[in-house]
Amino acid sequence: MKQGIHPQSYRFVVFKDMSNGYTFLTRSAAASKETIKWEDGNEYPLIKLEISNTSHPFFTGQKVLVDTAGRIDKFKKKYAKK
(Lines give C-alpha, C1' and ligand atoms only; values in the text may rest on other atoms or scores of the structure.)
Protein backbone atom coordinates (compact mmCIF):
# COMPACT_ATOMS: atom_id res chain seq x y z
CA MET A 1 0.00 0.00 0.00
CA LYS A 2 1.38 3.44 -0.93
CA GLN A 3 2.05 5.78 1.96
CA GLY A 4 0.43 9.23 2.15
CA ILE A 5 -2.36 8.77 -0.42
CA HIS A 6 -5.21 7.76 1.90
CA PRO A 7 -7.16 10.34 3.94
CA GLN A 8 -6.58 10.36 7.68
CA SER A 9 -9.72 12.26 8.69
CA TYR A 10 -12.43 9.59 8.63
CA ARG A 11 -15.49 10.61 10.65
CA PHE A 12 -19.09 9.45 11.01
CA VAL A 13 -21.34 10.69 8.18
CA VAL A 14 -25.04 10.08 7.40
CA PHE A 15 -25.87 9.20 3.79
CA LYS A 16 -29.46 9.79 2.62
CA ASP A 17 -31.04 8.30 -0.50
CA MET A 18 -33.18 11.14 -1.86
CA SER A 19 -35.37 8.83 -3.97
CA ASN A 20 -36.81 6.88 -1.03
CA GLY A 21 -35.58 8.62 2.15
CA TYR A 22 -33.41 5.71 3.37
CA THR A 23 -30.56 6.90 5.62
CA PHE A 24 -27.52 5.09 7.01
CA LEU A 25 -24.59 6.06 9.20
CA THR A 26 -21.03 5.13 8.26
CA ARG A 27 -17.50 6.51 8.31
CA SER A 28 -16.30 8.68 5.43
CA ALA A 29 -13.84 11.41 4.51
CA ALA A 30 -16.35 13.11 2.16
CA ALA A 31 -16.97 16.81 2.79
CA SER A 32 -20.44 18.16 3.51
CA LYS A 33 -21.93 21.52 4.48
CA GLU A 34 -25.24 20.10 5.73
CA THR A 35 -25.89 18.27 8.99
CA ILE A 36 -28.66 16.03 10.28
CA LYS A 37 -29.69 14.84 13.75
CA TRP A 38 -29.31 11.05 13.92
CA GLU A 39 -31.26 8.50 16.00
CA ASP A 40 -28.68 8.57 18.80
CA GLY A 41 -29.27 12.32 19.35
CA ASN A 42 -25.95 13.45 17.84
CA GLU A 43 -25.60 15.69 14.80
CA TYR A 44 -23.61 14.36 11.82
CA PRO A 45 -22.66 15.68 8.36
CA LEU A 46 -25.20 14.74 5.66
CA ILE A 47 -24.36 13.46 2.17
CA LYS A 48 -27.30 13.24 -0.25
CA LEU A 49 -27.39 10.38 -2.76
CA GLU A 50 -29.56 10.06 -5.86
CA ILE A 51 -29.53 6.25 -5.82
CA SER A 52 -28.41 3.73 -3.20
CA ASN A 53 -28.62 -0.04 -2.91
CA THR A 54 -32.19 0.30 -1.57
CA SER A 55 -33.47 2.03 -4.72
CA HIS A 56 -31.21 0.80 -7.53
CA PRO A 57 -32.98 -1.62 -9.91
CA PHE A 58 -30.05 -4.08 -9.89
CA PHE A 59 -30.26 -4.58 -6.12
CA THR A 60 -34.05 -4.41 -5.76
CA GLY A 61 -34.84 -6.71 -8.68
CA GLN A 62 -37.54 -4.34 -9.87
CA LYS A 63 -37.57 -2.26 -13.02
CA VAL A 64 -37.68 1.36 -11.92
CA LEU A 65 -37.44 4.26 -14.33
CA VAL A 66 -34.74 6.66 -13.19
CA ASP A 67 -35.55 10.27 -14.08
CA THR A 68 -32.57 11.49 -16.11
CA ALA A 69 -34.52 13.61 -18.57
CA GLY A 70 -34.41 16.59 -16.26
CA ARG A 71 -30.63 16.44 -16.02
CA ILE A 72 -30.22 16.05 -19.79
CA ASP A 73 -32.52 18.98 -20.52
CA LYS A 74 -30.68 21.08 -17.96
CA PHE A 75 -27.34 20.22 -19.61
CA LYS A 76 -28.61 21.01 -23.11
CA LYS A 77 -30.10 24.29 -21.94
CA LYS A 78 -26.90 25.30 -20.17
CA TYR A 79 -24.58 24.55 -23.12
CA ALA A 80 -26.90 25.38 -26.04
CA LYS A 81 -25.51 27.78 -28.62
CA LYS A 82 -27.40 31.03 -28.69
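The values are calculated or read from the model by the stated rules, or taken from the named source; none is laboratory data. In this text, all values refer to a predicted model and were calculated from it rather than measured experimentally. Positions of Cβ are backbone-derived with ideal geometry, glycine not excepted, and every protein chain shown enters the neighbour counts.
The set of residues in the stretch 47-70 that are modelled with pLDDT of 70 or more and surrounded by fewer than 11 Cβ atoms within 10 Å (Cβ to Cβ) contains only GLY70. Based on what the data block shows, is LYS82 modelled with pLDDT under 85, of a type in the set (Lys, Arg) and at negative phi? Here the answer is yes, as LYS82 does meet what is asked. For the stretch 12-49, filtering for residues that are assigned to a loop (DSSP other than H, G, I, E, B) and of a type outside the set (Asp, Glu) leaves 13.
Number of residues in the stretch 1-42 that are within 21 Å of SER55 (Cα to Cα) and modelled with pLDDT under 90: the value is 6. Pairs meeting the criteria (first residue in the stretch 29-46 and surrounded by 11 or more Cβ atoms within 10 Å (Cβ to Cβ), second residue in a loop (DSSP other than H, G, I, E, B), beta carbons under 6 Å, at least 6 apart or on different chains) are ALA29/PRO7; ALA29/SER9; ALA29/TYR10; TYR44/TRP38; PRO45/SER32; LEU46/SER32.
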